[in-house]
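The block underneath contains the structure these notes are about, expressed in structure tokens.
The values are calculated or read from the model by the stated rules, or taken from the named source; none is laboratory data. Everything numeric here is computed off the predicted structure, so don't read it as measured data. A quick note on method: Cβ atoms are made from the backbone with ideal geometry, for glycine too, and the neighbour counts reach across all protein chains shown. Note: accessible area is taken over every heavy atom of the protein model, side chains too, but ligands, DNA and RNA are not part of it. Shrake-Rupley method; radii C 1.70, N 1.55, O 1.52, S 1.80 Å.
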Amino acid sequence: MIDPLIQYSLAYFISVLLIFAAIHKLLDMRGFVQAMSDYRLLSGFSLTVAAAVLPLVELICGLALLLPQCQPLAGIVAGSLFSLYFCAIAINLARGNKSVDCGCSLFSKEASLSSWHLLRNGL
């Protein structure tokens, strides 16, 4: 069993991360759709749906992590999101497509894909 202080600290940290990421995407939907398009994993309707759904899932998951009774399910969703992002980055790095904006930079405009992004999402 994990110490409750560690559990809640990690849950709140990931919560803040997801909430800020969602807000960033929602405030710049055009940039987020472009970043997703540059990954070349989705197109057309599926790209539009994913771009609309992902920030909402991040926001809901981030808020749910603030509620102890929701943390187990929200933790699974958060882990799934990070795994999804890990796979998208890994596919593009394997393609040699490093010039893609990761779409995750909160304060800078662009950050090209790197192994650091894989490590960060893997952790």
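Descriptive notes on the structure:
- All positions within the stretch 11-29 that are free of Cβ contacts under 8 Å to residues at least 60 places away in the same chain and either in contact with a Phe, Trp or Tyr (Cβ under 9 Å, 6 or more places away or on another chain) or surrounded by fewer than 15 Cβ atoms within 10 Å (Cβ to Cβ) (or both): Y12, F13, V16, L26, L27, D28, M29
- Checked against (1) under 23 Å from I91 (Cα atoms); (2) modelled with pLDDT under 95, D28 passes all but condition (1).
- Complete set of residues in the stretch 30-43 that are open to solvent by 50 Å² or more (accessible area, probe 1.4 Å) and over 17 Å from F86 (Cα atoms): R30, V33, Q34, S43
- Some residue of the stretch 49-66 being modelled with pLDDT under 95 and assigned to a helix (DSSP H, G or I): no
- Number of positions in the stretch 64-77 that are in contact with a Cys (Cβ under 7 Å, 6 or more places away or on another chain) and over 13 Å from Q7 (Cβ atoms): 2
- Restricting the stretch 27-60 to residues that are under 11 Å from the mean Cα position of the chain (by Cα) and not aliphatic (A, V, I, L, M) leaves a set whose member that is nearest to S15 (Cα to Cα) is E58.
- Selected residue (only one of I76, I6 is part of a helix (DSSP H, G or I), out of contact with any Pro (no Cβ under 6 Å at 6 or more places or on another chain), exposed (fewer than 13 other Cβ atoms within 10 Å of the Cβ) and modelled with pLDDT of 95 or more): I76
- Taking the criterion of being open to solvent by 60 Å² or more (accessible area, probe 1.4 Å) and free of Cβ contacts under 8 Å to residues at least 12 places away in the same chain, the residues of the stretch 61-73 that qualify are L67, Q69, P72, L73.
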